[in-house]
Amino acid sequence: MAITRRGLLAGAAAGGGLVVAWWLLPRSYASPLVAGREEHVFGAWLKIANDGVVTVAVPQLEMGQGITTILPQIIALELGADWRQIAVEPAPVSGAYANIPLAREWLALWDSHFTGLSPASDDLLATRFAQGQRFNATAGGTSLAAYELPCREAAAAARAMLAQAAASRWGVSWEECEVENGLVTQGANRASFGELAEEAAGQTPPDPPPLKSDPPREKPLPADVDAAPAFPRIDLPSKVDGSHRFAGDVRLPGMVFASIRHGPADGSELEGFDTKAAAGIRGLAGIIESKRWLAVAAETWWSAESALAAMRPRFRTAAPVNSSDIAARLGTLLTAGEAHVIAETGFGGDALQRVDIGRRYEVEPAYAAPVETATATARFADGRLDLWIASQAPEQARVAAARAIGISPEDVALYPMPAGGSFDARLEHDHAIEIALIARELGRPVQLVWPRRDELIRARPRAPYWMLLGAQLAKNGPGNPGGAIEAMRVRIATPPSALEFGQRLFGNRTSMAAMRDTAGRADPLAVAGAVPPYTVPAVMVEHVPADIGLPVGRVRGNAWGPTIFAVESFIDEIAAKSKREPLSFRMSMLGGDVRLAACLQRAAQLAEWDGGVDQSGQGLAIARLGDGADAPRIACVATARHGEGGVRVVRLSAAVDIGRIVNHDIARQQIEGGLVFGIGIALGNAVALRGGLPEGGGDAPLGLPGLADCPEMRVVFIASDAPPADPGELGAVVVPPAIANALYSATGLRLRRLPLLSDGI
């Protein structure tokens with residue numbers, strides 16, 4: 001499939017063009033963009049065509065979060081372009097698009113030897129790694145942190161170059177020219193971007209680029225105004241009419257289609273299969289046998305899948321994993337395992353002289369379950385591999401595919417494709433390895449699509465968490481209502497999931513090797529969020545690394561989901577024990593976090609909070625994803641009601657502070673999508689593992705919510721001038737504890753295990 005630069009065009013027709021950009025990265029980088037007819041490449045970020053169309057190169061994976069609208073919007077606002085003339089194209093893999101903030105956050109995952117020497121050294125290492133390794137991964141809510149400024153500077157440079165070209169025509173100073181709505185004007189003079197494009201190619205922009213005084217932001221529409229958004233999503237029309245092209249839509253001459261079967265665990269080995277059983281299936285093109293999987297290629301995917309079903313491949317697993325074994329292991333380690341102190345303030349454990357309240361919380365493995373299963377298309381010929389794939393870490397997928405078939409990464413051309421959902425599942429690159437091997441074996445173009453069954457059994461779920469929380473409380477006294485937390489200890493038994501993931505992503509290790517290499521290691525990222533967002537005099541967080549025999553990975557919310565569930569449930573339990581109202585109890589401990597306090601008050605107002613009294617059916621929770629002043633914040637009130645079918649969540653009311661908002665419509669979509677995801681985590685089914693396989697088939701075991709299961713959602717944003725933050729994780733992590741607290745208020749039953757209904761009520 002050829003990806004055209006106007007494949008996602010919002011506006012005018014195609015034409016010749018000019019590439020305009022600002023070199024923000026080392027001059028040694030060659031431009032990653034290739035000049036077409038009448039195109040002139042000056043940098044990495046945007047093109048201006050002779051017809052006025054502005055094409056923006058987007059280096060992040062579009063997986064439904066709207067990044068192919070947000071980054072072009074930033075450029076359009078800074079450039080002064082007409083939104084109707086904005087188009088996008090996927091950026092090629094290049095060091096020019098290094099995601100330095102994510103490399104900094106994940107430094108311990110790719111090089112633990114020099115981590116923490118100093119902030120300056122960490123920043124330098126992250127910059128060199130990200131640029132040298134072409135690390136432009138989409139993860140961790142870092143897109144705006146990594147790319148807003150480069151996009152603004154590129155657009156500002158382009159704006160100056162257009163003004164310089166116009167000024168040269170008119171004999172005026174370029175500073176006198178105005179650039180807005182796709183036009184350059186000065187008095188009565190007027191010229192479009194398209195008219196000026198060729199002349200602008202020869203201009204040299206000022207250094208530094210002249211940024212506008214106001215950073216990009218979208219003003220919200222009044223609540224009583226029903227109008228289309230000012231910056232509608234570029235990808236929506238094609239997604240609605242079905243013309244949006246995913247990896248499964250690629251079609252190449254002579255291409256065949258492949259399906260695959262995996263064993264119940266990464267260490268499983270293919271034991272046998274019945275080749276003769278597939279003899280009667282038409283259109284078979286090849287059987288590809290690997291040590292750990294079996295694939296069949298055919299003229300249609302259904303023929304390949306039918307052949308696999310008939311062949312009934314058998315796998316041998318040395319030590320199949322069962323849920324009961326995992327639970328027993330975590331239970332033992334929680335109380336008796338060797339712990340590593342991750343965070344300690346106010347003398348931590350030494351300050352805890354007694355435990356006035358202690359509770360245990362359990363979180364089962366959680367699966368990403370994106371709509372699109374792992375899919376890739378490849379062509380191997382003359383020692384080169386062409387790879388069409390949706391990947392959150394495209395360079396790492398490229399390297400893994402190259403190593404699998406023994407060629408140089410430079411001989412792999414990767415074409416980034418959008419993803420039909422991910423929730424961090426597409427940070428893994430197993431299917432890149434498999435498609436490379438299959439394409440080499442067949443010697444013809446092939447498309448691999450995992451069956452839904454294999455998406456589930458091959459997926460690496462978010463790790464299970466067993467958590468023990470204890471607190472010492474202040475006694476009642478004059479002017480003291482009691483219940484204030486004097487000291488708190490959090491002990492968490494869970495695998496070192498982030499380190500394990502890093503071994504796979506950056507070290508190209510198998511899951512079994514990654515587990516061996518990280519066994520027993522402390523992992524701060526695996527217990528992120530365990531330090532409460534409250535002013536508590538003494539806190540200690542301990543990690544007990546757990547070897548559970550199950551490879552684990554990342555899912556939306558990651559460690560924040562389990563830890564916030566435990567902390568916010570525990571805070572409610574302390575409030576109940578101390579006979580304190582949950583809202584005021586939290587407010588009393590927020591200290592100087594004015595932004596989080598504002599979210600809490602606004603959410604309570606939105607939900608018509610009645611004090612969380614018994615039988616009210618209301619429960620609340622808050623979350624702050626990070627310790628910095630600019631971290632995103634959310635407060636959510638869940639409202640549950642008794643009905644004929646039992647207790648049902650009827651409303652979620654959320655107040656959100658994500659700093660300066662670039663696109664209000666997308667921000668709301670992300671929060672609402674996160675709330676729905678959180679409902680699935682809270683009220684879905686625990687996936688029981690038996691013999692290494694999830695019981696049941698397809699997505700049925702997950703108990704994912706449908707539209708009929710979604711409650712009313714009220715979402716408001718708190719106005720803020722803080723730097724923009726990603727909203728994608730917030731809803732997912734705050735909903736489970738809010739619902740747990742609401743169910744307790746409605747029924748008097750305290751549920752301390754996720755999913756909440758995994759053991760029934």
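One Cα centroid belongs to region 508-553, the other to region 407-467; the line between them spans 25 Å. Across q = 0.09, 0.11, 0.22, 0.23 Å⁻¹, region 130-248 modelled as identical point scatterers on its alpha-carbon atoms has Debye log10 I(q)/I(0) values of -0.41, -0.61, -1.17, -1.20, in the order of the q list. The lysines whose alpha-carbon is closer than 21 Å to the alpha-carbon of Lys579, local same-chain residues fewer than 8 away aside, are Lys475.
What is the distance in Å between the Cα centres of region 649-722 and region 267-313? First find each Cα centre; the distance between them is then 37 Å.
What the Cβ-Cβ distance of Asp214 and Ser118 gives, at R0 = 30 Å and to the nearest 0.05, is a FRET efficiency of 0.30. Relative protection proxy for 320-330, 334-344, from highest mean packing down: 320-330, 334-344 (other beta-carbon atoms within 10 angstrom). Across the chain, the relative contact order, built from alpha-carbon pairs under 8 Å that are at least six residues apart, equals 12 percent.
Calculated from DSSP H runs of 4 or more alone, at -39500 (n - 2.57) each and per residue, what is the 222 nm mean residue ellipticity of the chain, nearest 500?
After summing the helix terms and dividing by the residues of the chain, the value is -9500 deg cm²/dmol.
From most to least packed by mean Cβ count within 10 Å, the peptides 151-160, 448-457, 683-692 give 151-160, 448-457, 683-692. Along its first, second and third principal axes, ordered by size, the chain spans 80, 74, 56 Å in Cα coordinates.
Model label points for Asp274 and Ser588, set 7 angstrom from Cα along the Cα-to-Cβ axis, are 7.0 nm apart. Membrane-span-like helices in the chain (whole DSSP H runs, Cα extent of at least 24 Å along the helix axis, mean Kyte-Doolittle hydropathy of at least -1.0): 143-170, 560-577, 664-683, 730-747. Using a simple spin-label model with pseudo-atoms 7 Å out from Cα toward Cβ, Ser243 and Glu198 lie 3.0 nm apart.
Rounded to the nearest 5, the antiparallel percentage of DSSP beta bridges internal to the chain is 75%.
Peptides 246-253, 362-369, 462-469 ranked from most to least packed, by the mean per-residue count of other Cβ atoms within 10 Å: 462-469, 362-369, 246-253. Extension gain for Asn322-Cys710 works out to 136.5 nm (0.36 nm per residue, less the C-alpha to C-alpha distance). Counting neighbouring Cβ atoms within 10 Å and putting the fewest first, the residues Arg426, Arg521 line up as Arg521, Arg426. Extending 7 Å from Cα along the Cβ direction at Arg169 and again at Trp302 yields two label points whose distance is 5.7 nm. For the pair Ala188 and His340 in one chain, pulling the backbone fully straight at 0.36 nm per residue adds 47.7 nm over the alpha carbon distance.
Only the coordinates and a few stated rules stand behind these numbers; no lab work does. Predicted model, so just to flag it, every value in this text is computed and none were measured. Glycine also receives a Cβ, built like all others from the backbone with ideal geometry; neighbour counts cover every protein chain displayed.
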